[in-house]
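Step one of this worksheet: look at the structure below.
The values are calculated or read from the model by the stated rules, or taken from the named source; none is laboratory data. Remember, predicted model here, so these are calculated numbers, not experimental data. Backbone-built Cβ (ideal geometry, glycine too); neighbour counts: all protein chains shown.
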């Protein structure tokens, strides 16, 4: 935790150094002010309504006063340099941070106007609605079929074997994997290629019929061809799901997302339509990042 | 001089050799313009001298000490008149202890035959001679070795390489002790076992259903051969081990699951060492607990519900052994569960699975091979455990599956057969080694399989 | 969208059932831990409950008249007279002063069984040492008989009185009331070797035996284990022989301890003709048994020394051996010592192999050296626990407490060492 602190200090200086020479050009936006995000962070009737969110690891703040709306059926990409808190923020949305003892979350996080962090709130139900796909493909060491059927089984979504078969087939189809694996559903999932594994994990998430899918750098462990397939899949899924994707690759954000949020050292610096972020960002820091001055 | 006293003497000579060689190396270095013109530091010349002094002397000393007793004994027995010569190994050991006792002054010379007294005198004389000769030889070798090394303190010789090579060999020898131990174990059981099978057919031993290695006072006594069927011992061992595992596996496994999944950090830091304390308690304490507390308790309890229980029931020994193995199972399961990658756990939780569903459906199946390996190791522990069963299980070799009955185990029989008065060469004594061999093979097989399973499991996630 | 709404509904409905399962599973875990911890508590309370009386001795203080006539003893310097004399008589006479009615043969017999079996020896030794005391009156403190001692210590528990007659119980009660029979700290227990008589038996012999044995084990196992670990981690080439050694070490770590007893019996006693029952032999066998533990933990300690240290030393031209001896071994030493202490604690509690090499013999004297017959703490406990007299059971429990105290302090030392000295890289 100490390392976070020490890493944060000089970086903050850097940001000021970067910021200072351009004060003349965009004076009102060059410095990060806590809690103020430029662009369009808010939406009407959002899926997620997040206000003044702060996250601490022990004493160290990881997320500093962020407010953001995530709209229904939109694909929003979180970008930013390493350690900027984008993954931490993502994990707040389905409370995957709960298992980290020292992690505390403050502020108001609403999903469909219900508080995510209400102590009475049911994590299981929340996660059934907000699914997640991880950085590294993590299929269970079971058969392909059992991987996809796992969620429906524990939630009791299928009454009959045939229902379950349907769910599995549909999910695999949606994940674009059906044709590749339909003949070997009983084969173990760990024998698949990395790209197939990640699409299987997406299928596994879809099988529970979530409303939101969180994706934490889903393509960082994949080769370009597999990445292309997953991106294609995200584009297709965007019709029926709200998708929040954290990515290191700006091209990917540009390709798949409707809106893009730029994080910097725990601050949410800018949120705008993806096109605008990558062509004419409002904030100097965003511009520096997308033009590759740091990252 | 006694071997124990010679050791410090060798040490003293080695230290002197060290000092002399050190001084000489400095003297040699002086005219050359300082120690940097030597091939090695003075320390290495000195250390080499000490090694040259000590190692040959130690080797000779240990060889002498190892065979001194046997050689002298043979000389003494050989000097006895033929009518006194022992007919069997049992008589021989009796005669030898008689001679020893006379020589040590523990036995009044008036009570034994004159020849034995003569032999005792001879023994004393031989011992004294051997001791003198040994001392002279060892000291001579030590001094010669030191002198040789001293003469070799020459600037062009690289003493460091010598010393380091020697040290490496010493280190290797230490590592090889493990192999020697295994070889020793195998040899110590194999010879006696082969002799045992010369007396009792191997088929009777392996498939016989009756075990009663009676003490026959006279050779012509009825039933003096005894019965050496190992089946009741193995069923007894398995019965007790099975009870132990029934206690330990669920308890240990669930404890590990609770600790790794639910317990808070502070609770874990208290409970874990407490559990490990169970593993640190000596087995004799568990034996005491089983024999004097648990066994009577079970007997009373059984009587209350109208059952008949032996005061040395298999259940008591098994229960207590189970308690002993709990921490073994729990710490092995803990390792295995923690080796399951976190991403799998997260994957399941993110789908909305509860912790127990994640545990049962994802982590547990993934950890199963490792857990199986751990259980096999625990089983091998239970089978080889001795003190609990010696104290709490009986001696009666009953062929039964009733946990309230008294059964006996392989280890109990080894201890019983080999403590107290032994007659060498009797089938009874040899049987203990045959049992030891069975035990060794069985536990070895279990361990090998378990280690292989666990290693394979580890590699899967590394 | 509507589809997923109903899905959420299904999920919500299943929750109650699933949470019940969750709670049950959690409860299983808690029960398991409770069972384990409860066993520990029961074990300890049982042993303390049985054994605290082992630290108490019961004595009776009597004014004995050393009447030569009564003892059939005229000259205490005459060995023949001493061996024939009746030293029990003055004790009985002294007791009869409290109970004048006890005159019949049966009464006298019962009376004589109140004092310990060695009480008469106490008078004999006194007279042999100071013959001039013959004919005088002395106030002496005797250990009472085991049955009396147990009865006095457990006055509230009728189960312990069955071995005294009712008359004896009455007498003892009377003597306790008059302050003749008293209890005090059991110094005998800490100053003597074993005895056939529980109240006369001590644990000092076993403690000294254990210390001597452990010393041998330490001297053999620690250097050998460390050297083997250094070889395997630093010097061993990658070949079949090395693999074979490693397999051997791993398997030896799991070989039942009793097998090492067979090894000691067949090889060290049988082939090399070493004497039985001596600390050197016991220590050697335990050293071979502990070696794998020490090697494994030492290797872990060596592994935890970061390669950067090695590279730094090699970088300035140190030889491989110098790197190891100057840097790696000193840095790994705390870890090696911790592992060795834990291994030694195991060896201290080990019983089975020592039974086979004769350390189970009945030994009264406190051992004097590495080559004198000795027993060790766990074996002594085993022997007492297998004895019939009630007095030995409490001694066994008391012995267990002492053994556990040794082991706990050794483990405490190991933990302290780890906390104090171990570096985190």
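What to note about this one:
- The lone criterion from (1) at the interface with chain B (Cβ under 8 Å from one of its Cβ atoms); (2) crowded, with 22+ Cβ neighbours inside 10 Å left unmet by residue C:353 is number (1).
- Region B:429-447, residues that are within 13 Å of residue B:415 (Cβ to Cβ) and more than 8 Å from every other protein chain (Cβ to nearest Cβ): B:429, B:431, B:435
- Test: residue in region C:36-46 that is farther than 30 Å from residue C:98 by Cβ, more than 7 Å from chain B (Cβ to nearest Cβ), crowded, with 17+ Cβ neighbours inside 10 Å and under 40 Å from the mean Cα position of the chain (by Cα): yes
Listed here are the residues, each with its yes/no results for (1) more than 30 Å from residue C:7 (Cα to Cα); (2) part of a helix (DSSP H, G or I); (3) at the interface with another protein chain (Cβ under 7 Å from one of its Cβ atoms).
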| site | (1), (2), (3) |
| --- | --- |
| B:338 | yes, yes, no |
| B:345 | no, yes, no |
| B:357 | no, yes, yes |
| B:362 | no, yes, yes |
| B:366 | no, yes, yes |
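- Across region B:247-266, the number of residues qualifying as more than 9 Å from chain C (Cβ to nearest Cβ) and over 27 Å from the mean Cα position of the chain (by Cα) comes to 4.
- Yes/no for residue C:148 being touching a strand residue (DSSP E or B) at 6+ places or on another chain (Cβ under 7 Å) and either buried (at least 18 other Cβ atoms within 10 Å of the Cβ) or assigned to a helix (DSSP H, G or I) (or both): yes
- One residue stands out in region A:104-132 among those that are facing another protein chain (nearest Cβ under 8 Å) and outside any helix (DSSP H, G or I): the one that is farthest from residue A:218 (Cα to Cα), namely A:122.
- Of all residues making up region B:184-209, the number that are more than 9 Å from chain C (Cβ to nearest Cβ) and in a helix (DSSP H, G or I): 15
- Scanning region C:315-325 for residues that are assigned to a helix (DSSP H, G or I) and within 14 Å of another protein chain (Cβ to nearest Cβ) returns C:320, C:321, C:322, C:323, C:324, C:325.
- Filter result for the condition that a residue is within 12 Å of chain C (Cβ to nearest Cβ) and surrounded by 24 or more Cβ atoms within 10 Å (Cβ to Cβ), over B:407, B:412: B:412
- Total residues in region C:58-88 satisfying the condition of being within 19 Å of residue C:172 (Cα to Cα) and part of a helix (DSSP H, G or I): the figure is 1.
- Residue B:274 meets the stated requirement of being more than 26 Å from the chain's Cα centre (by Cα), under 19 Å from residue C:41 (Cβ atoms) and surrounded by fewer than 24 Cβ atoms within 10 Å (Cβ to Cβ).
- Residue within region B:387-403 that is more than 19 Å from residue B:325 (Cβ to Cβ), within 11 Å of another protein chain (Cβ to nearest Cβ) and either at pLDDT 85 or above or not in a helix (DSSP H, G or I) (or both) present: no
- Condition met for residue B:120 (more than 23 Å from residue B:70 (Cα to Cα), part of a helix (DSSP H, G or I) and more than 14 Å from chain C (Cβ to nearest Cβ)): no
- Of all residues in region B:304-323, one or more are assigned to a helix (DSSP H, G or I), assigned by TED's automatic domain parsing to the domain that holds residue B:244 and farther than 23 Å from residue B:409 by Cα.
- Test set (1) in contact (Cβ under 8 Å) with a residue 24 or more places away in the chain; (2) touching a helix residue (DSSP H, G or I) at 6+ places or on another chain (Cβ under 7 Å) - residue B:307 fails condition number: (2)
- Elements of type helices (runs of 4 or more DSSP H) in region C:152-233, at least 2 residues being crowded, with 20+ Cβ neighbours inside 10 Å and assigned by TED's automatic domain parsing to the domain that holds residue C:325: C:204-230
- Of all residues in region C:383-404, those that are farther than 16 Å from residue C:193 by Cβ and either facing another protein chain (nearest Cβ under 9 Å) or outside any helix (DSSP H, G or I) (or both) total 9.
- Checking each residue in region A:140-150 for being modelled with pLDDT of 90 or more and facing chain B (nearest Cβ under 8 Å) picks out only A:150.
- Residue within region C:326-333 that is touching a helix residue (DSSP H, G or I) at 6+ places or on another chain (Cβ under 8 Å), surrounded by fewer than 16 Cβ atoms within 10 Å (Cβ to Cβ), within 14 Å of chain B (Cβ to nearest Cβ) and part of a helix (DSSP H, G or I) present: yes
- Filtering region B:321-331 for residues that are out of contact with any strand residue (DSSP E or B) (no Cβ under 8 Å at 6 or more places or on another chain) and more than 13 Å from chain C (Cβ to nearest Cβ) leaves an empty set.
- Boolean, residue B:142 is touching a helix residue (DSSP H, G or I) at 6+ places or on another chain (Cβ under 6 Å) and within 14 Å of another protein chain (Cβ to nearest Cβ): no
- Within region C:264-287, tally of residues that are free of Cβ contacts under 8 Å to residues at least 40 places away in the same chain and either more than 10 Å from every other protein chain (Cβ to nearest Cβ) or assigned to a helix (DSSP H, G or I) (or both): 4
- Across region A:55-87, the qualifying residues are those that are touching a helix residue (DSSP H, G or I) at 6+ places or on another chain (Cβ under 8 Å) and closer than 15 Å to residue A:262 by Cβ, and the one among them that is modelled with the lowest pLDDT is A:83.
- Reported count of residues in region B:267-283, each being facing chain C (nearest Cβ under 7 Å) and either farther than 23 Å from residue C:384 by Cβ or assigned to a helix (DSSP H, G or I) (or both), is 7.
Listed here are the residues, each with its yes/no results for (1) within 14 Å of chain B (Cβ to nearest Cβ); (2) out of contact with any helix residue (DSSP H, G or I) (no Cβ under 9 Å at 6 or more places or on another chain); (3) in contact (Cβ under 8 Å) with a residue 60 or more places away in the chain.
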{"residue": "C:289", "(1), (2), (3)": "yes, no, yes"}
{"residue": "C:294", "(1), (2), (3)": "yes, no, yes"}
{"residue": "C:304", "(1), (2), (3)": "no, no, yes"}
{"residue": "C:335", "(1), (2), (3)": "no, no, yes"}
{"residue": "C:346", "(1), (2), (3)": "yes, no, no"}
{"residue": "C:359", "(1), (2), (3)": "yes, no, yes"}
{"residue": "C:364", "(1), (2), (3)": "no, no, yes"}
{"residue": "C:369", "(1), (2), (3)": "yes, no, yes"}
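- Any chance residue C:29 is at pLDDT below 90, within 14 Å of chain B (Cβ to nearest Cβ) and surrounded by 21 or more Cβ atoms within 10 Å (Cβ to Cβ): no
- Failed item in (1) touching a helix residue (DSSP H, G or I) at 6+ places or on another chain (Cβ under 7 Å); (2) more than 10 Å from every other protein chain (Cβ to nearest Cβ), with residue B:286 passing the rest: (2)
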